[in-house]
Amino acid sequence: MTIDKAEVIVTSPDRNFVTLKITTAGGLTGIGDATLNGRELAVVSYLSDHVAPLLIGADEDRIEDTWQFLYRSAYWRRGPVTMAAIAAVDMALWDIKGKKAGMPVYQLLGGASRTGLLAYGHASGKELPELFDSVRAHLEQGYRAIRIQTGVPGLKAIYGIASQGADQGEPGVRYDHEPARRGAHPVQEDWDTRAYLRHLPGVFEQVRNEFGAELPLLHDGHHRMTPIQAAKLGKELEPYDLFWLEDCTPAENQEALRLVRSHTTTPLAIGEIFNTIWDFKDIIREQLIDYVRGAVTHMGGISPLRKTLEYAAMYQIKSGMHGPTDVSPVGMAAAMHLGLSIHNFGIQEYMQHGGRTNQVFEQSFTWQNGLLHPGEAPGLGIELNVDEAGKYPYEQAYLPYNRLADGTVHDW
């Protein structure tokens, strides 16, 4: 069989999503996630104008060959737009291959290496009582590992605090699940790294005192520190035994991680904004990180991220795949199939999508006792309800950005 049709579908049930739907001449369909939060239409154009026409008539079984063709034939390689588009094709072709075989994709990748995937949730609070309530709520939902994000005294709005949604005129909307705000211009937030560094170690001390030593705790620095600031924080957090400190400094400056690594034994996770194995190559080889945070959606699909994680396994580095709500359920399912099959799985980020999203993307994966499983449906196990998707047209939205007290634009 060959590919007969490639359609790009944009929908905004709880947020904007970009989905590629491939149909074969025999009537089989496969879907892939191409969502790039805040820049969705750039990927839509790349797919519709440049990639989809090249797929018509191609052999849907040749996943690796198609990937290499789309990556190499463009000449202008890499980047989030290109790699999200290629990822959607890769996922859709794996979905089709699984349906043809009558197997879930993880079986085609070598079968299960574990019974389920340990996942972590996002607890947050502007102050400690709210944070503690959020941790308890996540424990009640079955999470066995929890990310801790907290407000900082003197700062009005910062990354990762769920209850800020109501403060910014969106009651009932978790800010951390949808920080991209509808409108023609991004929302400005404030930041002060020194205040953050003074405040955060005390927060983790209180969390440990309240919830004990056994609960795995994570934290996301979200690229906002210089290398020496990140080293200081990692060292000061050592008594609280973090599972990881994520994105402690902007990851483009890979040499910076040598400085951080030399000062702290706190495990480091990086890579959610990376797009290829070339972004990870040196920091894996030099063992400067402990967890690979790549997303299937932004790394070009299942095929290249699997290769990256196999390379990481040589250095005892594990997976920690990106799983926010701006990765659609299709991208999440792809991550679950990959995570279930590889040997060096570490943990899976899992932010639960909203009810309207779950109606648009009909899912077969399960969440039980703190573990995710992609399910046994053939392919990825996700079906797109096109009629439901059509109820929610695209809405322009941008992620926030930071300014310091003196007006300087800072990393968000």
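It is to be established whether one or more residues within segment 49-62 are on the phi > 0 side of the Ramachandran plot and either among the charged types (D, E, K, R) or within 21 Å of the chain's Cα centre (by Cα) (or both). Checking segment 49-62: not a single residue is on the phi > 0 side of the Ramachandran plot and either among the charged types (D, E, K, R) or within 21 Å of the chain's Cα centre (by Cα) (or both).
Considering the conditions (1) in a loop (DSSP other than H, G, I, E, B); (2) out of contact with any Lys or Arg (no Cβ under 6 Å at 6 or more places or on another chain); (3) surrounded by fewer than 23 Cβ atoms within 10 Å (Cβ to Cβ), residue 274 is excluded by exactly one of them, (3). If you go through segment 1-48 and keep only what is of a type in the set (Phe, Trp, Tyr) and either touching a helix residue (DSSP H, G or I) at 6+ places or on another chain (Cβ under 6 Å) or at pLDDT below 95 (or both), you end up with just 46.
Applying the criterion of at least 1 residues that are on the phi > 0 side of the Ramachandran plot and more than 20 Å from the chain's Cα centre (by Cα) to the helices (runs of 4 or more DSSP H) found wholly in segment 152-255 leaves an empty list. For segment 294-349, a residue qualifies if it is more than 10 Å from the chain's Cα centre (by Cα) and of a type in the set (Gly, Ala, Ser), and the qualifying residues are 300, 301, 303, 312, 313, 319, 333, 334, 339, 341, 346. On the basis of being at pLDDT 95 or above, over 24 Å from residue 145 (Cα atoms) and open to solvent by less than 10 Å² (accessible area, probe 1.4 Å), does residue 302 make the cut? So residue 302 fits the description; yes.
Residue 112 meets the stated requirement of being more than 20 Å from residue 5 (Cα to Cα) and either open to solvent by 10 Å² or more (accessible area, probe 1.4 Å) or among the small types (Gly, Ala, Ser) (or both).
One residue stands out in segment 115-140 among those that are under 13 Å from residue 163 (Cα atoms) and under 22 Å from the mean Cα position of the chain (by Cα): the one that is surrounded by the most Cβ atoms within 10 Å (Cβ to Cβ), namely 123.
Within segment 306-326, residues that are open to solvent by 30 Å² or more (accessible area, probe 1.4 Å) reach partners that are assigned to a helix (DSSP H, G or I) and not basic (Lys, Arg) with beta carbons closer than 7 Å, at six or more positions or on different chains, in the pairs 306/338; 307/277; 311/277; 311/284; 315/284.
Filter segment 365-398 for residues that are more than 15 Å from residue 17 (Cβ to Cβ) and open to solvent by 40 Å² or more (accessible area, probe 1.4 Å) and give the result. Once the filter is applied, which keeps residues that are more than 15 Å from residue 17 (Cβ to Cβ) and open to solvent by 40 Å² or more (accessible area, probe 1.4 Å), segment 365-398 yields 366, 367, 368, 369, 371, 376, 378, 387, 398. The set of residues from segment 247-271 being open to solvent by 60 Å² or more (accessible area, probe 1.4 Å) and of a type outside the set (S, T, N, Q) comprises 252, 255, 258, 259, 261, 263.
Is it true that residue 348 is modelled with pLDDT of 95 or more, open to solvent by less than 20 Å² (accessible area, probe 1.4 Å) and not β-branched (Val, Ile, Thr)? Break it down stepwise before answering.
Numbers: modelled with pLDDT of 95 or more: yes; open to solvent by less than 20 Å² (accessible area, probe 1.4 Å): yes; not β-branched (Val, Ile, Thr): yes.
Answer is yes for this residue.
When you look at residue 405, is it at pLDDT 95 or above, over 18 Å from residue 35 (Cα atoms), among the hydrophobic types (A, V, I, L, M, F, W, C) and within 24 Å of the chain's Cα centre (by Cα), yes or no? Here the answer is no, as residue 405 does not meet what is asked.
Which of (1) hydrophobic (A, V, I, L, M, F, W, C); (2) at pLDDT below 95; (3) surrounded by 19 or more Cβ atoms within 10 Å (Cβ to Cβ) does residue 166 not meet, given it meets every other one? Exception for residue 166: condition (3). Meeting the requirement of 2 or more residues that are among the β-branched types (Val, Ile, Thr), open to solvent by 20 Å² or more (accessible area, probe 1.4 Å) and over 18 Å from residue 275 (Cα atoms), the strands (runs of 3 or more DSSP E) wholly within segment 1-53 are 3-11. Does any residue of segment 191-210 turn out to be open to solvent by 20 Å² or more (accessible area, probe 1.4 Å), under 21 Å from residue 133 (Cα atoms) and small (Gly, Ala, Ser)? So far as segment 191-210 goes, yes, one or more of its residues are open to solvent by 20 Å² or more (accessible area, probe 1.4 Å), under 21 Å from residue 133 (Cα atoms) and small (Gly, Ala, Ser). Helices (runs of 4 or more DSSP H) fully within segment 54-148 that include at least 1 residues being free of Cβ contacts under 8 Å to residues at least 24 places away in the same chain: 63-72, 105-108, 128-140. Remark: pairs (first residue in segment 235-248, within 17 Å of residue 223 (Cβ to Cβ); second residue open to solvent by 10 Å² or more (accessible area, probe 1.4 Å); Cβ separation under 6 Å; 6+ apart in sequence or on different chains) = 244/267; 244/291; 247/222; 247/223. Within segment 277-299, the residues that satisfy the criterion of being in contact with a strand residue (DSSP E or B) (Cβ under 6 Å, 6 or more places away or on another chain) and open to solvent by 10 Å² or more (accessible area, probe 1.4 Å) are 290, 291.
The values are calculated or read from the model by the stated rules, or taken from the named source; none is laboratory data. Quick caveat, the model's predicted, so the values are computed rather than measured. As a convention, Cβ positions derive from the backbone with ideal geometry for all residues, glycine included, and neighbour counts pool all protein chains shown. Each accessible area value is taken on the protein alone, full model and side chains, heavy atoms only, with ligands, DNA and RNA left out. Shrake-Rupley method; radii C 1.70, N 1.55, O 1.52, S 1.80 Å.
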